[in-house]
Amino acid sequence: MSDPHRIDSITRLREIYPEPHRLVVAKERPELDEATQRFITRGRFFALGTYRADGSADVSPRGGEPGFVRVLDSTHLAIADLGGNNRIDSLRNIVETGRVGMLFVAPGQSETVRVNGEAWITTDPEVLDGFTLARRPKTAIMVRVTATFIHCAKAFKRSGMWDPNVWAEMAGGPDAADILVCQAILPDTVTADMVRADLEQSYDQALAWEAGRD
């Protein structure tokens, strides 16, 4: 797509956006302080950003009971790789480029914690045995923190992410089943309701297995 208004330099960007306040810059740290460590270890969800050797990017949601992300020390995290769809996009990207960006989200809390760092995949028995999970993970993502900072709440407040009234407004919108049917990758006889039921059953089975209820 040709765009004559495309911005192609940092200088041009700074003509539009002023330099940030010094505190916005100063809040970025090279290690995890005690409060940030507690935020992460109590967490149940984060988004994992990775990229391939060709530069193409990917973001993957990651969730689990508290403890699926372990703080090993002020500069190292271990993340259990729980059951997925075996595309292993994130793991493959980490093997190729060894860099990650993470956004940790706490339910009901609009500020988030961002962590960037170097990453690798490990099968170290000591690391895997250190997770207090019902199932021992096959691998873990190791992260050496290079930068971390708290991110302000404006995005969550604008979106109404934690507002039940907004949830009600979103009810009835397209979900995964609608999208899969719309993409025409399933037989014509398969309906969104059928896909929805199948997805719920597969989720229940996978999560029951992870919890040791097989």
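Throughout, read-outs are computed from the coordinates displayed, never taken from laboratory work. Quick caveat, the model's predicted, so the values are computed rather than measured. Here the Cβ is made from the backbone with ideal geometry for all residues, glycine too, and neighbour counts use every protein chain on show.
Quick one: which residues, 5 or more positions from Leu82 or on another chain, have an amide H under 5 Å from its amide H? H modelled 1.01 Å from N in the peptide plane, none for Pro or chain starts.
Here nothing satisfies the definition.
Please tell me the relative contact order of the range 29-158 in percent, rounded to the nearest whole number, where contacts are Cα pairs under 8 Å and at least six residues apart.
The value is 29 percent.
Show the residues, 5+ positions off or on another chain, whose built amide H is closer than 5 Å to the amide H of Val113.
For Val113, the qualifying residues are Phe104, His151.
Return the sequence-ordered ³J(HN,Hα) values of the range 177-191 in whole Hz as given by the Karplus equation 6.51 cos²θ - 1.76 cosθ + 1.60 applied to θ = phi - 60°, using x for Gly and Pro.
Those phi angles translate into 5, 4, 5, 4, 5, 5, 6, 6, 9, 10, x, 4, 7, 8, 9 Hz.
I'd like to know which of Pro18, Phe131, Val143 lies farthest towards the positive end of the charge dipole of the chain, counting +1 on Cβ of Lys and Arg and -1 on Cβ of Asp and Glu.
Pro18
Taking Cα centroids, how far is the range 23-95 from the range 104-176 in Å?
Going from one Cα centre to the other spans 7 Å.
Compute, for the chain, the length of the dipole vector about the Cα centre, with Cβ point charges of +1 (Lys, Arg) and -1 (Asp, Glu) only. Units Debye, rounded to 20.
680 debye
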